[in-house]
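S.K.: Below: one structure in structure tokens.
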Amino acid sequence: MRTYAPRKEPKSERGRPREFDPDVAIAAATKVFWDHGYHPTSIDDLCKATGVLRGSLYSAFGDKRGILIAALDQYAEQNLARLGDSLRSAELSREGLRSALLYYTRTATVLSGNHGCFVTNTALEMIPDDREVAERVARIFRRMVALLTAAIVRGRAAGIFNPELDERAIGNFLLCAIQGLRVLGKVNHDEQELVGIVDMVMRALD
């Protein structure tokens, strides 16, 4: 992953460099992209949201697209860490995996409102035209599949899940289920309906 550090400019619009925390700026920029999408968002929108001057943003991230890449990286790292912690700390049981999946019914209907998943939204807007974004999203999804597959392998070894499950296929299946929940949550805010989907997914593991 890229690392981003604000670099001092010879001159800013006010005559001296603008110091800022890049992580805080990226988080603010993520919200703008998440609310409006990449193309409708202007550099002025990002300057207003982050409180950072245009020259300082360009110096740190290169351009608007560079800010988007940084936003994707930060969002992915936070969510992959949460998923990994959830799967590793969950009790090794069907209910442990079900609880990890139910997180996505809550984010789809309550936490994210009608925003959906930032990675999915960006993929739908930018792919297939933007190869770098496509590669970033593919990498994020591969890491999600690896985490989900590891949980299934552990459960299969413990006799909790069907021993004949193809681990690669089931990891991709769970990824599809998670992303589907995030997309459905943009238009269907009935959490119980999404919980029913999770229960269907769990039955497929028998």
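S.K.: Considering Leu174, Leu147, which residue is under 17 Å from Leu87 (Cβ atoms), touching a residue at least 60 places away in the same chain (Cβ under 8 Å) and in contact with a Gly (Cβ under 6 Å, 6 or more places away or on another chain)? Working first, answer last.
M.R.: Details: Leu174 fails: in contact with a Gly (Cβ under 6 Å, 6 or more places away or on another chain).
Of Leu174, Leu147, the one residue that is under 17 Å from Leu87 (Cβ atoms), touching a residue at least 60 places away in the same chain (Cβ under 8 Å) and in contact with a Gly (Cβ under 6 Å, 6 or more places away or on another chain) is Leu147.
S.K.: Take region 163-184 and flag every residue that is under 23 Å from Val195 (Cα atoms) and surrounded by fewer than 14 Cβ atoms within 10 Å (Cβ to Cβ). Quick ask: steps written out before the conclusion?
M.R.: First, the residues of region 163-184 that are under 23 Å from Val195 (Cα atoms): 165, 169-184.
Residues satisfying the conditions are Ala169, Cys176.
S.K.: Sticking with this structure for a sec: In the set Leu57, Leu72, Leu101, which member is buried (at least 19 other Cβ atoms within 10 Å of the Cβ) and over 21 Å from Phe33 (Cβ atoms)?
M.R.: On the way: Leu57 fails: over 21 Å from Phe33 (Cβ atoms); Leu72 fails: over 21 Å from Phe33 (Cβ atoms).
Going through Leu57, Leu72, Leu101 in turn, the sole match is Leu101.
S.K.: Check whether at least one residue in region 121-136 is out of contact with any His (no Cβ under 9 Å at 6 or more places or on another chain), assigned to a helix (DSSP H, G or I) and either within 23 Å of Met200 (Cα to Cα) or modelled with pLDDT of 95 or more (or both), and report yes or no.
M.R.: There is no residue in region 121-136 that is out of contact with any His (no Cβ under 9 Å at 6 or more places or on another chain), assigned to a helix (DSSP H, G or I) and either within 23 Å of Met200 (Cα to Cα) or modelled with pLDDT of 95 or more (or both).
S.K.: Confirm whether Asp44 is of a type in the set (D, E, K, R) and either in the same structural domain as Val137 (by TED's automatic domain parsing) or out of contact with any helix residue (DSSP H, G or I) (no Cβ under 9 Å at 6 or more places or on another chain) (or both). Steps first, answer last, please.
M.R.: Working: of a type in the set (D, E, K, R): yes; either in the same structural domain as Val137 (by TED's automatic domain parsing) or out of contact with any helix residue (DSSP H, G or I) (no Cβ under 9 Å at 6 or more places or on another chain) (or both): no.
No, not satisfied.
S.K.: Report whether or not Arg82 is more than 15 Å from the chain's Cα centre (by Cα), part of a helix (DSSP H, G or I) and basic (Lys, Arg).
M.R.: Working: more than 15 Å from the chain's Cα centre (by Cα): no; part of a helix (DSSP H, G or I): yes; basic (Lys, Arg): yes.
Spelling it out, it is not the case that Arg82 is more than 15 Å from the chain's Cα centre (by Cα), part of a helix (DSSP H, G or I) and basic (Lys, Arg).
S.K.: Could we say that Ile160 is outside any helix (DSSP H, G or I) and either among the hydrophobic types (A, V, I, L, M, F, W, C) or surrounded by fewer than 18 Cβ atoms within 10 Å (Cβ to Cβ) (or both) here? I'd like the intermediate steps shown before the answer.
M.R.: Numbers: outside any helix (DSSP H, G or I): yes; either among the hydrophobic types (A, V, I, L, M, F, W, C) or surrounded by fewer than 18 Cβ atoms within 10 Å (Cβ to Cβ) (or both): yes.
Answer is yes for this residue.
S.K.: Here is a check on your reading of the model: is Arg142 surrounded by fewer than 15 Cβ atoms within 10 Å (Cβ to Cβ), outside any loop (DSSP other than H, G, I, E, B) and modelled with pLDDT of 95 or more?
M.R.: Working: surrounded by fewer than 15 Cβ atoms within 10 Å (Cβ to Cβ): yes; outside any loop (DSSP other than H, G, I, E, B): yes; modelled with pLDDT of 95 or more: yes.
Here the answer is yes, as Arg142 does meet what is asked.
S.K.: Name every residue in region 25-64 that is free of Cβ contacts under 8 Å to residues at least 12 places away in the same chain and under 17 Å from the mean Cα position of the chain (by Cα), in order of residue number.
M.R.: Hit for region 25-64 is His36, nothing else.
S.K.: Would you tally the residues in region 102-120 being over 14 Å from Ala71 (Cβ atoms), in a helix (DSSP H, G or I) and not polar (S, T, N, Q)?
M.R.: Number satisfying all stated conditions: 7.
The values are calculated or read from the model by the stated rules, or taken from the named source; none is laboratory data. Treat the numbers as computed from the prediction; the structure is a model and nothing was measured. Positions of Cβ are backbone-derived with ideal geometry, glycine not excepted, and every protein chain shown enters the neighbour counts.
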